1. Pull out all pairs, ordered by first then second residue, where Cβ-Cβ is under 8 Å, the residues are six or more apart or on different chains, the first lies in segment 46-57 and is more than 13 Å from Gly23 (Cα to Cα), and the second is in a helix (DSSP H, G or I) and of a type in the set (S, T, N, Q).
2. Among the residues of segment 8-46, which ones are modelled with pLDDT of 85 or more and either touching a Cys at 6+ places or on another chain (Cβ under 8 Å) or among the charged types (D, E, K, R) (or both)?
3. What number goes with the only condition from (1) surrounded by fewer than 12 Cβ atoms within 10 Å (Cβ to Cβ); (2) of a type in the set (Phe, Trp, Tyr); (3) touching a residue at least 40 places away in the same chain (Cβ under 8 Å) that Phe60 does not pass?
4. Which one is surrounded by the most Cβ atoms within 10 Å (Cβ to Cβ) among residues in segment 7-46 that are touching a helix residue (DSSP H, G or I) at 6+ places or on another chain (Cβ under 6 Å), of a type in the set (A, V, I, L, M, F, W, C) and under 29 Å from Arg64 (Cα atoms)?
5. Please work out if Val76 is in contact with a helix residue (DSSP H, G or I) (Cβ under 6 Å, 6 or more places away or on another chain), more than 27 Å from Leu5 (Cα to Cα), of a type outside the set (Lys, Arg) and in contact (Cβ under 8 Å) with a residue 60 or more places away in the chain.
Amino acid sequence: MNSLLFKRASALAPILMSLAALGIVISYAAMFGVARQTDEGTAAHLWQLLMAGQVPIILFFLLRWLPKEPKRTMLVLAFQLAAALSAMFPVWWFGW
């Protein structure tokens, strides 16, 4: 069952981190607009920390589960990458 691998913290944490990063971008845009700022604020730094913090967790997940369950691991990895791309898209779109 695919859902068993999704219950692992190393599988779920990067997805939740991406969703939090997306929430930060959307809330910042809703509160302050999409105009470019001269200085990066707290929201930008939090976004960067959340996105960069996923990398070691994803690597750990891959090293731990890829040899045991390759198909399920790749499915979870696809969800993790989709979540990360969804958090990156608004930043690219608005040119921040």
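1. As it stands, the answer is Gln54/Ser18; Gln54/Gln80; Ile57/Ser10, since those pairs meet every condition given.
2. The one that is modelled with pLDDT of 85 or more and either touching a Cys at 6+ places or on another chain (Cβ under 8 Å) or among the charged types (D, E, K, R) (or both): Arg8.
3. Tallying (1) surrounded by fewer than 12 Cβ atoms within 10 Å (Cβ to Cβ); (2) of a type in the set (Phe, Trp, Tyr); (3) touching a residue at least 40 places away in the same chain (Cβ under 8 Å), Phe60 fails exactly one: (1).
4. Filtering first and then ranking leaves Ala21.
5. no
The values are calculated or read from the model by the stated rules, or taken from the named source; none is laboratory data. The model shown is predicted, which means the values in this text are computed figures rather than measured ones. All Cβ positions, glycine included, derive from the backbone under ideal geometry; neighbour counts span all protein chains shown.
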